[in-house]
Amino acid sequence: MKRIASIQDISCLGRCSLTVALPVISAMAVECAIVPTAVLSTHTMFPGFISRDLSDQLLPIARHWKSQNVTLDAICTGYLASPRQTEEVCDFFDLLAGPDTLLFVDPAMADGGRLYSGFGPDFPGYMRRVVSRAHVAVPNVTEACLLTDTPYRETEDLSWWRDLLRRVGDLGPRCPVLTGVPFGPDRLGVMALDPESGGIFQYHTPRVHDHFHGTGDIFSAAACAGAMVRGKGLPDALRLAADFTLACIQATQRDPNAPWYGVEFEKALHLLPGLLER
Ligand code: PXL
């Protein structure tokens with residue numbers, strides 16, 4: 001069985017990061033080893049959350065795995081709790097990535113034009129180093145702007161997004177991907193540079209006009225990396241991830257009093273084997 005190591009936080013409540021990566025990767029019949037970067041009572045959109053940083057655990061875990069000759073088909077990174085962890089993740093790559101290990105980086109740090117609470121303005125500069133090491137990097141449009149020092153814009157001018165994608169590529173990842181790109185008023189999708197053809201791949205699905213928390217984590221760390229480890233090429237993996245994320249959103253009946261509980265992906269997990277067969 002293929003094995004992914006997922007490096008990101010455990011938000012105990014709120015369906016994001018490891019609490020979605022684990023079930024989604026498992027449902028794709030891939031083993032998900034985890035490296036928690038922090039334990040939070042909830043994700044950072046809930047007021048008053050508490051957090052314990054686990055920086056001092058990351059490299060001891062990596063060294064122990066190394067001593068046990070653990071092999072990884074992919075290392076997938078998400079929310080990192082501090083600048084120090086961005087360096088530790090690069091050391092983790094050095095210790096445990098073999099020649100065929102896919103390095104999949106989701107620089108989860110911002111959305112809607114703003115950094116998540118708790119990150120200072122210098123954080124994107126630290127995250128840039130992790131992105132530069134990636135084979136596949138999947139910033140959303142806000143993160144791409146922050147990583148490339150580009151003022152954030154909301155525009156439907158696709159040539160502007162293509163330029164932004166190329167700027168992310170200039171940071172070093174082999175396959176830069178932009179998520180959350182508006183393709184007209186009612187469609188949302190992804191754009192990726194295909195290193196083989198040099199062309200740009202685009203895929204979009206109907207846009208649901210609301211904010212759904214944790215969907216980036218479902219998209220990237222879980223569905224997309226899982227699909228690629230299961231042998232799909234990047235375009236097929238991105239298509240699968242986008243379709244699965246939309247299915248999770250459509251399955252969600254949101255409680256208006258609890259808007260931050262994440263999407264009800266549990267109702268869509270059964271779709272994954274069929275999506276993998278397409
Ligand atoms: O879904 C991204 C994410 C992951 N982890 C934590 C977060 C967020 C987004 O807010 O707060 C702790």
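Things worth noting here:
- Among the residues of the stretch 187-206, those that are modelled with pLDDT under 95 and over 19 Å from residue 131 (Cβ atoms) comprise 196, 197, 198, 199.
- Sole exception among (1) within 15 Å of the ligand (Cβ to nearest atom); (2) touching a helix residue (DSSP H, G or I) at 6+ places or on another chain (Cβ under 9 Å); (3) of a type outside the set (Phe, Trp, Tyr); (4) more than 24 Å from residue 158 (Cα to Cα) for residue 213, by number: (2)
- Any hit, the stretch 263-277, residues being under 24 Å from residue 155 (Cβ atoms) and either touching a Cys at 6+ places or on another chain (Cβ under 6 Å) or buried (at least 21 other Cβ atoms within 10 Å of the Cβ) (or both): no
Matching residues to (1) part of a loop (DSSP other than H, G, I, E, B); (2) under 21 Å from residue 15 (Cα atoms); (3) touching a His at 6+ places or on another chain (Cβ under 7 Å):
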site	(1), (2), (3)
188	no, no, yes
198	yes, no, no
209	yes, yes, no
226	no, yes, no
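- Contact annotation: residue pairs with Cβ atoms under 7 Å, 6 or more positions apart or on different chains, pairing a residue in the stretch 231-242 that is within 13 Å of residue 102 (Cα to Cα) with a partner that is at pLDDT 90 or above and in a helix (DSSP H, G or I), are 232/240.
- Among the candidates 7, 25, the residue that is in contact (Cβ under 8 Å) with a residue 40 or more places away in the chain, within 20 Å of residue 102 (Cβ to Cβ) and in a strand (DSSP E or B) is uniquely 7.
- Considering the stretch 130-148, and only residues there that are over 15 Å from residue 165 (Cβ atoms) and touching a Gly at 6+ places or on another chain (Cβ under 9 Å), the residue that is surrounded by the fewest Cβ atoms within 10 Å (Cβ to Cβ) turns out to be 132.
- Failed criterion for residue 54 (all others in (1) within 22 Å of residue 245 (Cβ to Cβ); (2) within 13 Å of the ligand (Cβ to nearest atom); (3) in contact with a Pro (Cβ under 9 Å, 6 or more places away or on another chain) hold): (1)
- The stretch 52-86 - residue that is among the aliphatic types (A, V, I, L, M) and farther than 18 Å from residue 18 by Cα and, of those, surrounded by the most Cβ atoms within 10 Å (Cβ to Cβ): 59
- Checked against the criteria, residue 180 counts as in contact (Cβ under 8 Å) with a residue 24 or more places away in the chain, buried (at least 19 other Cβ atoms within 10 Å of the Cβ) and part of a strand (DSSP E or B).
- Restricting the stretch 28-51 to residues that are assigned to a strand (DSSP E or B) and buried (at least 18 other Cβ atoms within 10 Å of the Cβ) leaves a set whose member that is farthest from the ligand (Cβ to nearest atom) is 32.
- Check on residue 164, in contact with a strand residue (DSSP E or B) (Cβ under 8 Å, 6 or more places away or on another chain), within 14 Å of residue 193 (Cβ to Cβ), among the aliphatic types (A, V, I, L, M) and crowded, with 20+ Cβ neighbours inside 10 Å: yes
- Boolean, residue 14 is under 22 Å from residue 266 (Cβ atoms), over 14 Å from the mean Cα position of the chain (by Cα) and among the small types (Gly, Ala, Ser): yes
- Here residue 189 clears all of (1) in contact with a Phe, Trp or Tyr (Cβ under 9 Å, 6 or more places away or on another chain); (2) farther than 24 Å from residue 152 by Cα; (3) of a type outside the set (D, E, K, R) except the condition numbered (2).
The values are calculated or read from the model by the stated rules, or taken from the named source; none is laboratory data. Please read these numbers as outputs of a predicted model, since none were measured by experiment. Please note: Cβ atoms are built from the backbone with ideal geometry, for glycine as well, and neighbour counts cover all protein chains shown.
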